[in-house]
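The values are calculated or read from the model by the stated rules, or taken from the named source; none is laboratory data. These numbers were taken from a predicted model, which means no experiment stands behind them. Cβ atoms come from the backbone with ideal geometry, glycine included; neighbour counts cover every protein chain shown. Heads up: the accessible areas ignore ligands, DNA and RNA and are worked out on the full protein's heavy atoms, side chains in. Shrake-Rupley method; radii C 1.70, N 1.55, O 1.52, S 1.80 Å.
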Amino acid sequence: MLSWLVKLTFLGAAGTVTGSRYLLDVRARHILVDCGLFQGRKEIRQRNWERLPFDPRGIHAVLLTHAHVDHCAFLPVIVREGFSGPIYATPATIDLARLVLQDSAHIQEEEASYANRKGYSRHHPALPLYTAADAERAMERLRPLGYREAREIVPGVAATFGDAGHILGSANLRLQIDGRHRISVAFSGDIGRYAEPLLNDPEPIREARWIVCESTYGDRIHERVSDFEPLANAVEAIVERGGVMVIPAFAIGRTQTILFGLRELVDRGRIPMLPVYLDSPMAVRATRIFGQHPKDHDVEARALMADGTPPLEYPDLRIASTREESEAINKVDGPAVIISASGMATGGRVLHHLRQRLPERRNMVVLVGFQADGTRGRALQDGAGEIKMHGSWVPVRAEIRTLPGFSAHADREEILRWLRGFESPPNALYLTHGENGARTSLADFIRGTLGWKVHLPEHLEVVSLSGEA
Ligand SMILES: [Zn+2]
């Protein structure tokens, strides 16, 4: 049937912000766009363990938009289950994905061994979702595809990445499908911010019959990224009361923007110099990789570099590599700043910093990234009086501040700006990668302002992209 020549299946990020996986079937060819891990609430995370709704051995190619866990960290599973084709990604994404996959495998192995020690798993022994060896095999499949280079990834289907401006190496994607009916499909990836100091603006895609677009902040308007005043105010408050500021931050993306902001504020004399502890080995490596891809920086970052001011070099940065160095930070007295992962306080070293600092009023937790439903970060953001960590309840007396200006995701106006880059309306726009409130609100807004046909796909929904709308 002609109408089923091209179909799209929403295997994740439909009604949630995690687990981005889209399967595109073009005649007998099968292409997967992103292969992310589900995170957040237990019933969502459980999907990582369910039987796959497709056969990985039948997938011909994977296109990876960027190196965040919720877009790439399920790759080791499909490789272990028999996927043996290429995984296309930009060169910077490949460098970062290696880091993320290694780290993610490590976390999976730790969780399994912890469950075995504590005996709380239903399975004996508890097995990790995947191992470091599985991650290693997934990395071997990564193939570079630069921005704006069209590449025929399977016969009759050409893929082109554009700069998404979300994190280093991040991409949006346009697929051109040849045949009796030429069809083009656009994937927004995660859309970044306009006028961000380190990265380029999100690049528009001019034409697509079908668009799949994220909606993380579809119901909100952010502050400008280059406005570091809210950060300066938070630092001033912490200096005044001699407290410690803990910033749970995604190792890739947010950490670099915060370092940039702090350095800017010190250089301008806006805040006094105080020690900044970077306690995330992955963030340290990601910061180094950032320096290795100057082509992907925006003009402002490049100008600083040329000027002899490395944009991410905060003068009093103290790096904790070992576990001992990390634990030693517990003894640090304020004022000081601690930046540590994970960004939603779901795991990682930031937990012991929170446990140490949350009970005291003079301290502050600054939330700079999206906090998914069901995470400790979201509980803090929502004003929880205590949160559970390592089996015990920790009282929350520290001040909790959210600085939405640091978000790596476009707000509603910025998503609209990106969509306006298309020269004509698509047959349909599918909104994904957002909680239902955000995407419903965005859908109404788009219908009202652009008059487009907008659809909110359900988990595992299949749509036909052939024929006429
Ligand atoms: Zn992302």
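Of the chymotrypsin sites (Phe, Trp or Tyr not before Pro) found in segment 160-200, none is in coil by DSSP with at most 15 other Cβ atoms within 10 Å of its Cβ.
Per the helix-only calculation at 222 nm, which mean residue ellipticity applies to the chain, given -39500 (n - 2.57) for every DSSP H run of n ≥ 4 and division by its residues, nearest 500 deg cm²/dmol?
The per-residue figure over the chain is -8500 deg cm²/dmol.
How much length would be gained if the chain were fully extended between residue 441 and residue 226, taking 0.36 nm per residue of separation minus their Cα-Cα distance, in nm to one decimal? Write out the running numbers ahead of the final one.
Numbers: separation 215, 0.36 × 215 = 77.40 nm, distance 2.64 nm.
Additional length available on full extension: 74.8 nm.
Of the solvent-accessible surface of the chain, computed with a 1.4 Å probe and all protein chains present, 49% belongs to carbon and sulfur.
So which trypsin sites (Lys or Arg not before Pro) in segment 293-385 pass both tests, a DSSP loop state and at most 16 other Cβ atoms within 10 Å of the Cβ?
Values: sites: 295, 302, 318, 323, 331, 349, 355, 357, 361, 362, 376, 378; in loops: 349, 361, 362.
Within segment 293-385, the qualifying trypsin sites (Lys or Arg not before Pro) (loop, at most 16 other Cβ atoms within 10 Å) are 361.
A DSSP coil position with no more than 15 other Cβ atoms inside 10 Å describes the following GluC sites (Glu not before Pro) in segment 17-97: 50, 81.
Computed from backbone phi, the HN-Hα couplings of segment 185-202 come to 10, 10, 10, 6, x, 8, 7, x, 9, 8, 6, 7, x, 9, 10, 6, 5, x Hz, rounded to whole numbers (Karplus: 6.51 cos²θ - 1.76 cosθ + 1.60, θ = phi - 60°; Gly and Pro given as x).
Modelled spin-label separation between residue 233 and residue 106, with each label point placed 7 Å from Cα along the Cα-to-Cβ direction: 3.7 nm. Dipole size of the chain about its Cα centre, with +1 on Lys/Arg Cβ and -1 on Asp/Glu Cβ: approximately 920 debye, rounded to the nearest 20. Compactness of segment 229-406 was expressed as the Cα radius of gyration divided by 2.2 N^0.38 Å, which yields 1.00. Label separation (residue 327 vs residue 284): 1.7 nm, computed from points 7 Å beyond Cα along the C-beta direction.
Can you divide the C-alpha Rg of the chain by 2.2 N^0.38 Å and report the result to two decimal places? Show your work: numbers first, answer last.
Working: Rg = 21.9 Å, N = 469, 2.2 N^0.38 = 22.8 Å.
Rounded to two decimals, the normalised Rg is 0.96.
For a Förster distance of 30 Å, can you work out the FRET efficiency between the beta-carbons of residue 458 and residue 361, rounded to the nearest 0.05?
Working: r = 45 Å, r/R0 = 1.49.
Efficiency, rounded to the nearest 0.05: 0.10.
Between the amide H of residue 271 and those of 266, distances stay under 5 Å, these residues lying 5 or more places away or on another chain, with hydrogens modeled in the peptide plane. Accessible surface for segment 229-406, divided over its residues, is 41 Å² per residue with a 1.4 Å probe. Shown in residue order for segment 355-370 are the 3J(HN,Hα) couplings computed by the Karplus curve 6.51 cos²θ - 1.76 cosθ + 1.60 at θ = phi - 60°: 4, 6, 9, 4, x, 10, 4, 6, 8, 8, 10, 10, 9, 10, x, 5 Hz (x for Gly and Pro).
For segment 234-285 versus segment 141-178, the inter-centroid distance based on Cα atoms is 34 Å.
Here the Karplus curve 6.51 cos²θ - 1.76 cosθ + 1.60, taken at θ = phi - 60°, turns the phi angles of segment 374-388 into couplings of x, 9, 4, x, 5, 4, 4, 4, 7, x, 4, x, 8, 9, 8 Hz, with x standing for Gly and Pro.
Once R0 is set to 51 Å, what does the formula 1/(1 + (r/R0)^6) return for the Cβ-Cβ distance between residue 28 and residue 318, expressed as a FRET efficiency to the nearest 0.05? My answer for the efficiency is 0.35. Run through all the Cα pairs of segment 306-380 and give the fraction in each 10 Å bin from 0, expressed as whole percent. Result returned by the calculation: 15, 44, 30, 9, 1. Here's how it looks for residue 246: its modeled amide H is under 5 Å from those of 338, 364, 365, 366, which are all 5 or more places away or on a different chain.
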